[in-house]
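Here's the structure we're looking at; comments come further down.
The values are calculated or read from the model by the stated rules, or taken from the named source; none is laboratory data. Note that the structure is predicted; figures quoted are calculated from it, not measured. Backbone-built Cβ (ideal geometry, glycine too); neighbour counts: all protein chains shown. In case anyone asks, the SASA skips ligands and DNA or RNA and just uses the protein heavy atoms, side chains included. Shrake-Rupley method; radii C 1.70, N 1.55, O 1.52, S 1.80 Å.
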2 protein chains.
Amino acid sequence: MLRVLTEQERAEALARLPGWTYEPTRDAITKSFRFTDFVEAWGFMSRVAILAEKADHHPEWFNVYNRVDVLLTTHDCTGLSARDVALAQAMEAVAG
Amino acid sequence: MLRVLTEQERAEALARLPGWTYEPTRDAITKSFRFTDFVEAWGFMSRVAILAEKADHHPEWFNVYNRVDVLLTTHDCTGLSARDVALAQAMEAVAG
């Protein structure tokens, strides 16, 4: 059942994901999160890491100090899938 | 006492840091670590995160699944300092 989202599915998903941007070259979605400091950024990443491992779906992410840049795409279907939308929603919930 | 390393100091430090590469455009050192899986990569990052926060010196790092790409430079002196060498040595000790 793992498949790339249609353009309409993607648009509907992005409409419910504030601050997320579509990255067409990777068929991915990205967001740059900012926190108060490293401890806050790391707390976010740690909670997301456990959720990602549980779901067996891992982000591409870059961190420096209070900044966490995330890119989500699904390697198994080479594009954006429902798994990415679910992980983005989980990140929004964690970031509060 | 925070200052950019001389070319000789840098060369001596790199000689004791296997797998680390000098990045001249940033006056930084970089390494790409590979682990068995995400849990192992995350374990490495978690241990380093605590050491980095204790030292108040944070890496720039990118993770996807079992890969952790690290770039170390010191923003306070805009270049490579002894702090980066110390953090790289700590990462080597953690990575085993």
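Below, the figures for the structure above:
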item	result
Subset of region B:1-38 that is among the polar types (S, T, N, Q) and open to solvent by 40 Å² or more (accessible area, probe 1.4 Å) - its residue that is nearest to A:ASN63 (Cα to Cα)	B:SER32
Top-ranked residue of region A:56-69 - restricted to ones that are in contact with a Leu (Cβ under 9 Å, 6 or more places away or on another chain) and more than 19 Å from B:VAL39 (Cβ to Cβ), ranked as surrounded by the most Cβ atoms within 10 Å (Cβ to Cβ)	A:PHE62
Residues satisfying the stated conditions in region B:55-70, i.e. of a type in the set (Val, Ile, Thr) and in contact with a His (Cβ under 8 Å, 6 or more places away or on another chain)	B:VAL64
Single residue of region B:27-46 satisfying the filter (more than 11 Å from every other protein chain (Cβ to nearest Cβ) and β-branched (Val, Ile, Thr)) that is farthest from the chain's Cα centre (by Cα)	B:THR36
Residue under evaluation B:ALA88, criteria (1) touching a residue at least 60 places away in the same chain (Cβ under 8 Å); (2) assigned to a helix (DSSP H, G or I); (3) open to solvent by 10 Å² or more (accessible area, probe 1.4 Å), criterion not met	(3)
Number of positions in region A:67-80 that are under 15 Å from A:ALA41 (Cα atoms) and either of a type in the set (Gly, Ala, Ser) or at the interface with chain B (Cβ under 9 Å from one of its Cβ atoms) (or both)	1
Flag if A:THR78 is of a type outside the set (Gly, Ala, Ser), in contact (Cβ under 8 Å) with a residue 24 or more places away in the chain and loosely packed, with under 13 Cβ neighbours inside 10 Å	yes
Some residue of region B:47-66 being among the polar types (S, T, N, Q) and either more than 12 Å from chain A (Cβ to nearest Cβ) or in contact (Cβ under 8 Å) with a residue 12 or more places away in the chain (or both)	yes
Condition met for B:ALA95 (open to solvent by less than 50 Å² (accessible area, probe 1.4 Å), at pLDDT 95 or above and at the interface with chain A (Cβ under 9 Å from one of its Cβ atoms))	no
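Residues checked against (1) surrounded by fewer than 16 Cβ atoms within 10 Å (Cβ to Cβ); (2) not polar (S, T, N, Q):
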{"residue": "B:GLU40", "(1), (2)": "yes, yes"}
{"residue": "B:ALA49", "(1), (2)": "no, yes"}
{"residue": "B:LYS54", "(1), (2)": "yes, yes"}
{"residue": "B:THR74", "(1), (2)": "no, no"}
{"residue": "B:ARG83", "(1), (2)": "no, yes"}
